[in-house]
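Some notes on the structure that comes next.
The values are calculated or read from the model by the stated rules, or taken from the named source; none is laboratory data. Computed from a predicted structure; not experimentally measured. Quick reminder, even Gly has a Cβ in these numbers, built from the backbone with ideal geometry, and neighbours come from all protein chains shown. The area values use the complete protein model at the heavy-atom level, side chains included, leaving out ligands, DNA and RNA. Shrake-Rupley method; radii C 1.70, N 1.55, O 1.52, S 1.80 Å.
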Amino acid sequence: NPKRILEWFSEFAFDGGSDHKRGAKALAQFAFANRDICWEELEWRGKHGQSPAVVATKPHYLLDLDVQRTVENFLDNVPDFWSSSEFAESLKDGQILFLDAKFFLDLFVRFMYDEDVSDVWDAVEEFVTEESFSSLTQHLLITLEERDLCRFLELLGGCFDSRVESWDVVGDSSSSWLGVVVSRYGGDAESIDELLLLNSVINQGRQLVRLVRDENGDDEGEVLKETIADVCRGLEKGSSFCLLMRELWKMKHTEVIRILGILSWTVQFRLSEECQSPDSWESLFRENGIEFRRSSDHSLMFSHLRGFNLLWIFQVDLPEHVARYCLSTWMKWFLARQK
């Protein structure tokens with residue numbers, strides 16, 4: 001393709017130096033190193049050609065090269081150039097793919113599926129193995145349709161441990177929580193929006209709290225806050241909560257995780273709103289029979305938090321910790337009774 005040839009092989013240095021780029025650099029280096037077999041294939045604009053000695057002292061003469069005709073000559077008569085280290089080096093950064101992305105994509109797919117070229121599959125496997133997972137998700141998952149993404153999550157779920165003990169994760173390990181969610185939820189989501197919501201309430205609870213606060217004064221924000229208040233009032237009634245837990249037996253596993261995840265986030269939101277000082281936390285602990293004491297550094301030391309022995313500094317996000325603890329406890333209770 002004449003246009004592609006000129007785009008890749010024409011970037012010779014304008015200042016007469018040797019700082020050529022891309023295919024032009026490869027062409028110049030190979031031509032000088034192999035001048036005995038290929039120099040005559042160089043085509044020049046003008047009445048006569050240039051010798052290697054002249055071009056070596058006056059490298060700006062390469063700007064007079066007829067690039068299209070020269071590359072066509074190399075295609076016909078200099079096969080060694082196309083397998084040379086000089087040409088390979090010019091391709092390493094992948095910039096050539098941007099000359100015509102569709103062409104290279106179609107070519108790559110043909111190599112993979114029509115011709116089943118093992119070197120191509122090896123390259124794909126090496127890339128997927130060595131590239132970071134976050135980079136792969138950012139570049140590949142966004143290209144999937146919802147159905148394909150659900151299928152991917154279903155396959156990914158098989159890589160995680162789905163035992164009941166997985167719900168013991170209470171700390172700040174978002175990846176661990178996501179692993180548990182994916183292993184249980186997998187590709188069973190009727191809509192990817194459900195999985196995104198669940199991931200938000202479990203892994204992005206703080207950001208979601210800030211989002212709701214930012215909606216202060218907005219009609220939808222007020223409705224949401226009132227809904228959260230209604231849910232919390234229901235949780236305070238032991239009989240209502242027991243009825244809810246019994247209803248979970250009738251639901252699919254995925255629905256249980258979604259409901260308990262949202263319930264745990266409402267706990268986080270309410271605690272974030274109502275417990276913003278040491279005194280408010282102390283009052284909450286006393287009302288719920290949680291023992292604690294003040295230490296000399298003004299942190300709170302819990303002697304018992306339903307089986308935990310922990311030291312928490314007040315900068316720690318206690319609402320998030322309590323919410324995750326609730327979700328962990330509820331899920332372990334539910335799963336244990338399914339055995």
Condition check: farther than 19 Å from PHE81 by Cβ, open to solvent by 50 Å² or more (accessible area, probe 1.4 Å) and at pLDDT 85 or above. Does LYS3 satisfy that? yes
Assess whether TRP39 counts as being free of Cβ contacts under 8 Å to residues at least 40 places away in the same chain and either outside any helix (DSSP H, G or I) or not basic (Lys, Arg) (or both). yes
Six or more apart or on different chains, Cβ under 9 Å: which pairs go from a residue in region 139-150 that's within 12 Å of ILE192 (Cβ to Cβ) to one that's open to solvent by 70 Å² or more (accessible area, probe 1.4 Å) and at pLDDT 80 or above? Could you list them? LEU144/ARG151
Looking at this structure, is VAL54 assigned to a helix (DSSP H, G or I), closer than 29 Å to LYS102 by Cβ and out of contact with any Pro (no Cβ under 7 Å at 6 or more places or on another chain)? no
Looking at LEU62 and the list (1) touching a residue at least 24 places away in the same chain (Cβ under 8 Å); (2) loosely packed, with under 14 Cβ neighbours inside 10 Å; (3) closer than 15 Å to GLN29 by Cα, which single condition is not satisfied? (2)
Spot the failing condition for PHE285; the list is (1) at pLDDT 60 or above; (2) within 35 Å of the chain's Cα centre (by Cα), and only one is missed. (2)
Looking at GLY186, GLY171, which one is farther than 23 Å from THR266 by Cβ, at pLDDT below 80 and not hydroxyl-bearing (Ser, Thr, Tyr)? GLY186
Every pair of residues 6+ apart whose Cβ atoms lie under 9 Å, when the first sits in region 107-128 and is open to solvent by less than 90 Å² (accessible area, probe 1.4 Å) and aromatic (Phe, Trp, Tyr) while the second is outside any helix (DSSP H, G or I) and modelled with pLDDT of 90 or more: PHE111/VAL117
Considering only helices (runs of 4 or more DSSP H) wholly within region 231-291, the ones with at least 1 residues that are in contact with a strand residue (DSSP E or B) (Cβ under 9 Å, 6 or more places away or on another chain) and crowded, with 18+ Cβ neighbours inside 10 Å are 278-287
Can you find, within region 193-226, the residue that is most open to solvent (accessible area, probe 1.4 Å) among those that are of a type in the set (S, T, N, Q), in a helix (DSSP H, G or I) and modelled with pLDDT of 80 or more? GLN207
Being surrounded by 12 or more Cβ atoms within 10 Å (Cβ to Cβ), more than 27 Å from the chain's Cα centre (by Cα) and not polar (S, T, N, Q) is the filter here, so list the residues in region 83-102 that pass it. GLU86, PHE87, GLU89
Only unsatisfied item for TRP82, checking (1) closer than 23 Å to GLU43 by Cα; (2) touching a residue at least 24 places away in the same chain (Cβ under 8 Å), is (2)
